[in-house]
Structures are given as C-alpha cells and as structure tokens.
C-alpha cells in the first residue's frame, strides 16, 4: 500500500508543479469508505493523515477505534440533518453542505460542542438529477445566508462532475467551479473563505489540480476497486 500512496503523492506533486503550484497546495483525501479498520491502520503507518468517509455509522466506528491516531477526518458523502450531531463530533471538514437547513442544524450542534464546524458548499455543477449539491446560481446566496451562523465556517466549494473515462471531458466542470469560487471570493463575505476546492478523484485528479483543486478525493488508486 505504501508504494501506491507514494505513487499518488508523486502524481499530485507532478500535476501541481507542472502548472506552477506548490506540491503542498494540494491535500490528499484518502477515501476509506467500506475499508476495514486494519486497512486504515496500515494506511496510517504508510503515511496517510487525512481520511474521507461517506457514511456516518461507519465513520463513528472508525473514529472510535482510531481516535488516538494523528489523523484528520473529512465527510464527503450526502449528510442527513438527523446525523449532524455525529458529524460535528467526528469531522474536521464536511465537504457536502448543500442547504441552509443542513447548515443551521450543523451550527446548532456545533454550538452545543463549543466548536466552529468547517464546511464546504457542495455544488451540483452539472445539474445531474442523481447528484446532491446546490445549483450554481444559488451558491452565492447560500454562502451569504450561512455567513451569519456563529458556529459554521465556510472554507470553499466541492463538486462531483459527471463520470467520463476521459479527464479532458470533466475539465470544463472543474474550471466552472473555480470561476464560481473566484466570484464568491470577490464578494468579500464575512465568515466565508474560499480557499478550498474539493474536486477530482482517481480518474481525473491531475486535471482537477490543473484547474485549481486543493483537496483531491482518492480511494481506488490506493485501495483498489471496491467489491
């Protein structure tokens, strides 16, 4: 596994430096959904420090088992409001906030924990009915609405573009998200930073980095295909 992790890190470095960016401007989010705890322990021993999980119950078990290890946890799946209290306890960053109601619930639960929960706004840039996320033309208003919440900090945007086997076909979606990020940043909304762009997975992360990704979500290239 260590060789696979190192190979991914080398590809991230090449992609970043190839477009004039520092290698450390891109973080690897190791997508560990469905992977058992011993596999995560092996990954930690091989240098992984940031895991991305899709399911709250599974993440709770892993967080309990691995809580003493020096790792960060990001939530990258669809989050239901009734699971917000668990998400706030576990995750350093939630990538998938797509409504004011969810943000308000996270704010309430974070307030109970004395925490400021960092989030990304998930954008359905392709407007696919099967994908979660807010429409592009609604993001600015949502960012403004969330900015008033005391225990939420918006750190940027996330998207999942359509699946293509050709990375060049997804480039326009990555570029669109970056342009949206730049527009929101220019508004200088208090409490809203636009430093992070979570986009790119195993099949297209180099293209995402070329278009400005700061967080790439990679599982298959490290763990192989899930069965």
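None of the figures in this text is laboratory data; all of them are computed from the coordinates on show. The model shown is predicted, which means the values in this text are computed figures rather than measured ones. When we count neighbours, we look across all protein chains shown, and the Cβ atoms used for this are built from the backbone with ideal geometry, even at glycine.
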In the set 49, 21, 60, the lone residue that is surrounded by fewer than 18 Cβ atoms within 10 Å (Cβ to Cβ) and either within 19 Å of residue 4 (Cβ to Cβ) or in contact with a strand residue (DSSP E or B) (Cβ under 6 Å, 6 or more places away or on another chain) (or both) is 49
Of the candidates 184, 125, the one satisfying the condition of being outside any helix (DSSP H, G or I), farther than 18 Å from residue 52 by Cβ and either in contact with a helix residue (DSSP H, G or I) (Cβ under 9 Å, 6 or more places away or on another chain) or in contact (Cβ under 8 Å) with a residue 40 or more places away in the chain (or both) is 125
The condition from (1) surrounded by fewer than 18 Cβ atoms within 10 Å (Cβ to Cβ); (2) more than 27 Å from residue 145 (Cβ to Cβ); (3) in contact with a helix residue (DSSP H, G or I) (Cβ under 8 Å, 6 or more places away or on another chain) that residue 101 misses is numbered (2)
The condition from (1) outside any helix (DSSP H, G or I); (2) surrounded by 14 or more Cβ atoms within 10 Å (Cβ to Cβ); (3) free of Cβ contacts under 8 Å to residues at least 40 places away in the same chain that residue 29 misses is numbered (3)
Boolean, residue 109 is outside any strand (DSSP E or B), more than 13 Å from the chain's Cα centre (by Cα) and in contact (Cβ under 8 Å) with a residue 12 or more places away in the chain
yes
Per the filter on the stretch 215-227, residues closer than 14 Å to residue 52 by Cβ, more than 14 Å from the chain's Cα centre (by Cα) and assigned to a loop (DSSP other than H, G, I, E, B) are 226
Picking from 212, 200, 156, the residue that is crowded, with 16+ Cβ neighbours inside 10 Å, touching a strand residue (DSSP E or B) at 6+ places or on another chain (Cβ under 6 Å), in a strand (DSSP E or B) and at positive phi would be 156
